[in-house]
Amino acid sequence: MEVILKQDIKGLGYKNDMVTVRPGYGRNFLIPKGVAVLATPSAKKMHTELLKQSAFKEDKLRKEATASAEKLSSVSVKVGAKAGESGKIFGSVTNIQIAEALQKAGYNVERKNIELSEDTIKQLGAYTAKVRLFKEISATVNFEVVAE
């Protein structure tokens, strides 16, 4: 079954991609949730016309994302967390705190686009995170967890 995605879905594709999925997944999950539409001949014509119109916009966004990736790669932010004497954090550092620290530094990044290099961060120290800026463009951000 072919469907046209209306939004990015991790592990499946990006917005306006035409993908082939199992019929049950498309009929029972993607289409009822409103994240995809059935790829009928008329929908395919509309899709190709939409792709022609959005090619220029996508090229501009790709250039902006590349420039942002270069800037983000050189940025190092500090994330404050309450910690004990041994350097163990009360709780853990998540992508929410990293997104807030990046926003304070002047970079507007959504938290869902930040992937931590480790599962949980429970110690003070230096870490890295991968920030997805555009489809295949991502940047590695260095951050340091410090005690408040």
Inset, instruction - Working only within segment 12-44, note down all residues that are in a helix (DSSP H, G or I) and surrounded by 11 or more Cβ atoms within 10 Å (Cβ to Cβ). - result: Tyr25, Gly26, Arg27, Asn28, Phe29, Leu30, Ile31, Lys33, Ala43, Lys44
Inset, instruction - Output the number of residues of segment 108-148 satisfying the condition of being under 26 Å from Asn16 (Cβ atoms) and hydroxyl-bearing (Ser, Thr, Tyr). - result: 1
Inset, instruction - Scan segment 54-70 and give yes if some residue there is without any contact (Cβ under 8 Å) to a residue 60 or more places away in the chain, of a type in the set (A, V, I, L, M, F, W, C) and assigned to a strand (DSSP E or B), otherwise no. - result: no
Inset, instruction - Show the residue pairs that are 6+ apart or on different chains and have beta-carbon atoms under 8 Å apart, the first residue being within segment 5-20 and of a type outside the set (S, T, N, Q), the second being assigned to a strand (DSSP E or B) and surrounded by fewer than 16 Cβ atoms within 10 Å (Cβ to Cβ). - result: Met18/Glu2; Val19/Glu2
Legend entry - Candidates Ser54, Ser42, Ser92, filtered to the one that is in the same structural domain as Lys130 (by TED's automatic domain parsing) and out of contact with any Cys (no Cβ under 9 Å at 6 or more places or on another chain): Ser92
Legend entry - Qualifying strands (runs of 3 or more DSSP E) (wholly inside segment 74-148; at least 2 residues being more than 30 Å from Gly13 (Cα to Cα), touching a strand residue (DSSP E or B) at 6+ places or on another chain (Cβ under 6 Å) and of a type in the set (A, V, I, L, M)): 76-81, 137-147
Inset, instruction - Have a look at Ala126, Ala105, Ala139 and point out the one that is of a type outside the set (Val, Ile, Thr) and over 19 Å from Ala67 (Cβ atoms). - result: Ala126
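The values are calculated or read from the model by the stated rules, or taken from the named source; none is laboratory data. Bear in mind the structure is a predicted one, so any value in this text is a computation, not a measurement. In this analysis, Cβ positions are derived from the backbone assuming ideal geometry, glycine residues included, and neighbour counts consider all displayed protein chains.
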